1. Starting at the first residue of region 508-515, write each ³J(HN,Hα) from the Karplus equation 6.51 cos²θ - 1.76 cosθ + 1.60 with θ = phi - 60°, in whole Hz, x for Gly and Pro.
2. Where the centroid of each part is defined by its Cα atoms, how far is region 433-467 from region 181-230 in Å?
3. Rank Gly56, Ser90, Ala173 by how far each Cα sits towards the positive end of the charge dipole of region 32-191 (+1 on Lys, Arg Cβ; -1 on Asp, Glu Cβ) and give me just the farthest.
4. May I ask you to compute the full-extension gain from Ser5 to Glu224, defined as 0.36 nm times their residue separation minus their alpha-carbon distance, rounded to one decimal in nm?
5. Tell me the trypsin sites (Lys or Arg not before Pro) within region 438-509 that lie in a loop according to DSSP and have at most 12 other beta-carbon atoms within 10 Å.
6. Once you list every other residue whose beta carbon is under 14 Å from the beta carbon of Gly446, what net charge do they have if Lys and Arg are +1 and Asp and Glu are -1?
7. Taking the alpha-carbon distance from Lys161 and a cut-off under 28 Å, which lysines remain once sequence neighbours fewer than 8 residues away in the same chain are dropped?
8. Please list, ordered by chain and number, the residues whose modelled amide H lies under 5 Å from the amide H of Ala196; skip anything fewer than 5 residues away on the same chain.
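Throughout, read-outs are computed from the coordinates displayed, never taken from laboratory work. Everything numeric in this text was worked out from a predicted model, so none of it was measured. Every residue, glycine as well, gets a Cβ built from its backbone with ideal geometry; the counts of neighbours run over all protein chains shown.
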Amino acid sequence: MDKYSILKDYFGHSAFRSGQEELIDNILSGKDVLGIMPTGAGKSVCYQIPSMLMNGLTIVISPLISLMKDQVSSLNNIGINAVCINSSLSIDEYRYSFDALYSGMCKIVYVAPERLDTPDFLSFAVNSNISMVTVDEAHCVSQWGQDFRPGYLRIAEFIKKLPVRPVVSAFTATATKTVQDDIVSLLGLENPYAVATGYDRKNLFFSVLKPDDKYKELVKFLKEHDGKSGIVYCLSRKNVETVCEKLCQNGFSASRYHAGLSDEERRQNQDDFIFDRKQIMVATNAFGMGIDKSNVSFVVHYNMPKDPESYYQEAGRAGRDGSESECVILYSGADVRTNRFMIENSREENEELSDEEREDILRKDLERLKQMTFYCTTTDCLRGFMLKYFGEKPSGYCGKCSNCTDGFETVDITTDALKIISCIYRMHKEKNMYFGRTILVDTLRGSNNEKIKSLGFESLSTYGIMKDVTAKKIRSEIDFLTQNGYITATETDYPTLMLNRQSGEFLRDKTEITMKMPKEKKLTVKKLSDVSADDFLFLELKRLRNAIASKDLVPAYIVFSDAALKDMCRIKPVNISQFMRVAGVGKVKAERYGEKFCHCIRNYLLEHPQINN
Ligand code: ADP
Ligand code: ZN
């Protein structure tokens, strides 16, 4: 048995992904490692494969009990012996886990950090052959990370108590430089081999929409993604309630999740989503930590989240199985104000902070909010924006975000820019003060409302010079000019727009300004004739998978991921040896399920003789 045959026979993958092999090799040569890889990149096999090749036991420390059960059932399902120890076990389950550990049959045990120094576990560990300690979600050890867990600080001590020092491997999806340093020192990693594979998630399509009616846009999106699983994030509990209720009334299969619900309802709703009994989860950001559901096909943000870190983490819950998936923000200016309000009114819990430190945190939070707003209003590549934010160099044009695809066209806005900037100049000259965007737009469009009249702007030479242009278009041009430095906006709820040196230079030189703008979008509804034959096979296979899953009481994606089913549609295996070629199919799964799926495919081909493979 070597790493390649384990990858193929147990996990059903034919090649390693970026970073995996080097991490595995270093672990096997006895070195500590630190792997920083984005969600869905495949961190688990980096320690699961070495655990099979080392002679002792691997202890995996993980912060989330829900995640543990999932991982253990996934492993058992592909023929790898694993158990978990945490506070959710019944006495019988607890005894079963320890029996399995003492029997020496088990290769991997998942434990919560708080369990490490309990007498039962400690006395087991010091008397056993421990080859490796793996720390999952390693950023939890750092107070600078987002999810600090004090229990993680005990890990280093626990390792010291073991008679022979095992290899220590640590993994996380996001870690700034400070957090990385903390991971190394606080976990006591010894000269670790570090791999960072980058933040890009190639199978995700990013888009930002600015709909006049968010709910209508959401419904349209959900109709286009009928039959797929996804999350809709809202900023407030109240929003979750309203959106979920409306969706249910309109016949969608939706559930809800936020911190205001009872534990019981939250557990129930989460399970409904994970087990595919409900397709859409409407939730606040309280939902998702530790949700390992691999077939989430879309993540819609009904409101813009508070910072790029949260956004990338939440959006990243889509497409973990590698399938093409979508991440959409339904942006409106009001989201910025709501977030600002929430940031300014969230009292920092930590009493030890000085006023100065509090100020500092507030300032950083507002800066992050600003960056998030830039993401939503930029006309440059969205993927590129995020990668740059996390310190990477993007390649310019990704072709897989709403700004890069042909939904946009490049428009020369030099003349409009001249009109807008001149108007700010005239208004300022008239009243000796600056104004906000609404009054500017009203003046440019020649509105005859009271406000404009009372200010006397009707007599300006710029009054009405853009009356043929929609207010929406003028607003987006103003935002573009602000972002690109032609106009300065104050950082207030209703920003005042001011001229600066760059505006002056532009009025003088009139250098060309171009901007990407959305083309008129057509509603695309799939016609029955567009549905390919494979779509029907996919539905058949899904039905079979769900039947097996509900019989075995496991979530459907534990049986096979959507990606594996799609590969079956492509290959159409009719016998076991062909079945082994499907991505994600190893020996155990082929034996366990192969015949059932081949049978289903054979029948399908008989019923549809026109499909030749
Ligand atoms: P992470 O923990 O990094 O978020 P996982 O370990 O859960 O990611 O893996 C994400 C998905 O990628 C899983 O569905 C897994 O089966 C798949 N995967 C992992 N390694 C490979 C590989 N070498 N080839 C193909 N798929 C892989
Ligand atoms: Zn792009």
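1. 7, 8, 6, 5, 4, 10, 10, 9
2. 42 Å
3. Toward the positive end, the furthest listed residue is Gly56.
4. Details: separation 219, 0.36 × 219 = 78.84 nm, distance 4.05 nm.
Residue separation times 0.36 nm, minus the Cα-Cα distance, leaves 74.8 nm.
5. On the way: sites: Arg445, Lys451, Lys453, Lys467, Lys472, Lys473, Arg475, Arg501, Arg508; in loops: Arg445, Lys467.
Answer in residue order: Lys467.
6. Numbers: positive: Lys419, Arg426, Arg445, Lys451, Lys453, Lys467; negative: Asp442, Glu458, Asp468.
Surrounding charge for Gly446 is +3.
7. Candidates past the 8-residue exclusion: Lys31, Lys43, Lys69, Lys107.
8. Ile36
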